[in-house]
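Scroll down for the structure; my scribbles are underneath it.
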Protein chains: 2
Amino acid sequence: MEKRRDIYQAIADPTRREIISLIARQSMNLNAIADNFDASRPAISQHIKVLTECGLVMIRQQGRERYCELKIDKLKEVTTWVEECRKYWNATIDSMENYLQELQSKNKKHGKR
Amino acid sequence: MEKRRDIYQAIADPTRREIISLIARQSMNLNAIADNFDASRPAISQHIKVLTECGLVMIRQQGRERYCELKIDKLKEVTTWVEECRKYWNATIDSMENYLQELQSKNKKHGKR
DNA sequence: TATATTTGTAAGCAAATACTTACACAATGG
DNA sequence: CCATTGTGTAAGTATTTGCTTACAAATATA
């Protein structure tokens, strides 16, 4: 569980998505979260670590408990990317025009390697 | 490169996100896509396979070329999930109320394992 | 103070991922 | 028909991932 730490990789795991859904409703401490899953407590702890490291979750220590708060705005990064794609997509006015562009590109060469 | 095939795992890889961005602008055949990356042609082919298998890309055969078309609506699944999370989040009226709910939950027990 | 609770983290491991090179094969074009 | 082009796929490999068990440490409580 090393290296890459971005939001996309964070939400790729179904367990982590469930954790996000859970703490979206209400901040919870680690054991309370782990109670909702079959995986061991350390496994959940590691998932929380991933979420924390990419800024999706913030820990608020309270005595010996650590409450996990979802930083919902971090998810905006994802929707922004999707909207960006959709914007480009819409720029190709309709599929017929799109088709014509392809015919044009067929006449171009691409040499690689 | 096996097993899990969902949209979240598909967009977790940065190269695949770039591919999606590319073909959002215009459908391209595989070699044209591969020209945009340092990775080998088979590597890109495998990425395309992942994208196809989760419904993000549709292949349109044209002679010996295979045009990759982005199925943009498939990305809606992601934004829907994010919006769902945000909805729950908004349900917790403000952070003070959220804080009080946590204090309550502290008094509940959870026993696991 | 002794004990229980809440959590982090290391070590070990099986599976998944992402690449590469090599080879196969169908469609095109001379 | 033969060489070229566009692409799929297998085999091999180094990393990354996700999980488990075991142990450490800090806070709370009887």
Would you confirm whether any residue within the range A:66-77 is farther than 23 Å from residue B:11 by Cα and either more than 10 Å from DNA strand C (Cβ to nearest atom) or at pLDDT below 95 (or both)? yes
So, in the range A:11-47, exactly how many residues are more than 10 Å from chain B (Cβ to nearest Cβ), more than 9 Å from DNA strand D (Cβ to nearest atom) and closer than 13 Å to residue A:66 by Cβ? 1
Of all residues in the range B:63-80, which are part of a helix (DSSP H, G or I) and in contact (Cβ under 8 Å) with a residue 12 or more places away in the chain? B:72, B:74, B:75, B:77, B:78
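For every residue, the table says whether it meets (1) open to solvent by 10 Å² or more (accessible area, probe 1.4 Å); (2) closer than 21 Å to residue B:82 by Cα.
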site: A:50; (1), (2): no, yes
site: A:66; (1), (2): yes, no
site: A:69; (1), (2): yes, yes
site: A:74; (1), (2): yes, yes
site: A:85; (1), (2): no, yes
site: A:90; (1), (2): yes, no
Residue that is least open to solvent (accessible area, probe 1.4 Å), among those in the range A:24-38 that are touching a residue at least 12 places away in the same chain (Cβ under 8 Å) and more than 12 Å from DNA strand C (Cβ to nearest atom): A:24
Determine, yes or no, whether residue A:8 is within 30 Å of residue B:69 (Cβ to Cβ), crowded, with 16+ Cβ neighbours inside 10 Å and within 14 Å of DNA strand C (Cβ to nearest atom). yes
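The values are calculated or read from the model by the stated rules, or taken from the named source; none is laboratory data. As the structure is a prediction and not an experimental result, all values here were calculated from the model. All Cβ positions, even for glycine, are placed from backbone atoms using ideal geometry, and neighbour counts span all protein chains on display. The protein model used for the area step is the full one, side chains on, heavy atoms only, and it has no ligands, DNA or RNA in it. Shrake-Rupley method; radii C 1.70, N 1.55, O 1.52, S 1.80 Å.
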